[in-house]
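Everything on this sheet refers to the single structure shown next.
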Amino acid sequence: MKMHQVSDSCFAVINEKNRLCDANSGLVNTGGGVVIDTQSDLAHARQMISMFGEVWPAMPERVINTHEDADHVWGNQLFEGAEIIAHRSVPERMKQVAEPKESQKLLRGVGRFLTRLVLKNLHPGLEAVGEQLLEDYNFDGIELVLPTTLFDARYELNLDGKEVHLIYVGPSHQVGDTIIHVPGERVVFAGDVLFRQCTPVGWTGSYEKWFKCLDLLIELNPEVIVPGHGPLCGIEGVKEMKAYLQYVRDESRKCFDAGIPSLEAAKKIEFGPYSEWRAPARLYMNVERAYREFRNEPPDASWDSAATFDAIYQVAKVKGIEAEF
Ligand SMILES: [Zn+2]
């Protein structure tokens, strides 16, 4: 993890590994201090707090959760007494998708030799994701702490004269997707509507919605964007990700029309210029999402996470690369 100064009063902590759970955090160090997203476990959250402490020594008075996913909310409990702001949908969704018990069980299981062996046979992808997470994360002690201030379309903060705009853009990647725009400093904290140099994944929402959201990011014309995952960028990062999603949707359409199932399609579709991004086999999720849309399924249809990780694992094997999530 490294802290970067993004503008006069905006900072970012970037998780360079850029794999699953390696989410970024932000800070606006004025008007009481606002932290954006709180990391995937308590150790990472503490490290983030101590890095931001170099430029904002007090405990921040506010936290913003850009959406409901675990890797953005599992450090919330360390901000005792802080106002936690998120989209109205986030508390209920957090209970559905960020309940820590299953993940705690997985990492404990993978940590045991025998359980690991059994799991490897049943769900090689789930076992592999557990092993990967175990390298960097420990989910023990995490308790779900829900947002305290909820908003619908838009929420504005005035931090000693500095405007901070929270704009709801979901569901693109998740139901609660929110971007944070600091217009006076031309900075956007994008949460997971933007992945940089790693393969994007989306759980809820549609391609159309995601494209609209990326267009909005370009329209805001920021100088620096802090993506939810990956290094800092300008609008070129947004354009690249949009091109990726367009490519995957077009290729998926061809396979869908040819009657090829989504997993087979993901094995067949070339990574192309995106093979250098982290976790390229996460492509499977983007193909499956496209298929769901072609079949007119609801954008909030749920995912079987074991089957999903197994599918990603299979795509990686067929492509002859190491399974990475
Ligand atoms: Zn994330």
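The values are calculated or read from the model by the stated rules, or taken from the named source; none is laboratory data. Note that this is a predicted model, so its numbers are computed, not measured. Ideal geometry is used to build each Cβ from the backbone, glycine not excepted, and the neighbour counts take in all protein chains shown. Heads up: the accessible areas ignore ligands, DNA and RNA and are worked out on the full protein's heavy atoms, side chains in. Shrake-Rupley method; radii C 1.70, N 1.55, O 1.52, S 1.80 Å.
Key figures for this structure:
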{"item": "Within the chain, helix-based [θ] at 222 nm, where runs of 4 or more DSSP H residues each add -39,500 (n - 2.57), nearest 500", "result": "-12000 deg cm²/dmol"}
{"item": "Sparse-neighbour loop sites [trypsin sites (Lys or Arg not before Pro); the stretch 271-310; at most 16 other C-beta within 10 Å; DSSP]", "result": "R295"}
{"item": "Computed lengthening from Q246 to E163, 0.36 nm per intervening residue step minus Cα-Cα distance", "result": "26.5 nm"}
{"item": "FRET E, pair R154, L134, Förster distance 41 Å, beta-carbon r, rounded to 0.05", "result": "0.55"}
{"item": "Mean separation of Cα contacts under 8 Å, 6 or more apart, over the residue count of the stretch 1-158: relative contact order %", "result": "21 percent"}
{"item": "Listed residues A258, A153, A70, most fluctuating in the chain (Gaussian network, C-alpha, under 10 Å)", "result": "A258"}
{"item": "Pairwise centroid distance, computed over Cα atoms, of the stretch 1-40 with the stretch 193-261, Å", "result": "21 Å"}
{"item": "Whichever aspartates and glutamates have a C-alpha closer than 15 Å to that of K242, once near sequence neighbours (fewer than 8 apart) are set aside", "result": "D192, E208, D215, E219, D250, E251"}
{"item": "Contour minus Cα-Cα distance for A43 and F271 (0.36 nm per residue)", "result": "78.7 nm"}
{"item": "Net charge, G272 excluded, C-beta distance under 13 Å - Lys, Arg +1, Asp, Glu -1", "result": "-3"}
{"item": "Residue-normalised accessible area of the chain, expressed per residue, 1.4 Å probe, Å²", "result": "41 Å²"}
{"item": "Over the stretch 81-190, relative contact order from alpha-carbon pairs under 8 Å, at least 6 apart, %", "result": "29 percent"}
{"item": "Sites matching GluC sites (Glu not before Pro) across the stretch 104-156 that sit in DSSP coil, with at most 14 neighbouring C-beta atoms within 10 Å", "result": "E143"}
{"item": "Sum of side-chain charges, Q132 neighbourhood, beta-carbon under 9 Å (Lys, Arg +1; Asp, Glu -1)", "result": "-3"}
{"item": "Accessible-area composition of the stretch 252-325, carbon plus sulfur, in percent [1.4 Å probe]", "result": "48 percent"}
{"item": "Separation between Cα centres of the stretch 94-141 and the stretch 294-325, rounded to whole Å", "result": "17 Å"}
{"item": "In the stretch 168-259, chymotrypsin sites (Phe, Trp or Tyr not before Pro) in a DSSP loop with at most 12 other beta-carbon atoms within 10 Å", "result": "none"}
{"item": "Across K239/K317; K105/K254; K120/K239; K120/K267; K2/K120; K101/K268, pairs whose alpha-carbon gap is larger than 31 Å", "result": "K105/K254; K120/K239; K2/K120; K101/K268"}
{"item": "Sulfur and carbon atoms: percent of accessible area, the stretch 1-154 [1.4 Å]", "result": "52 percent"}
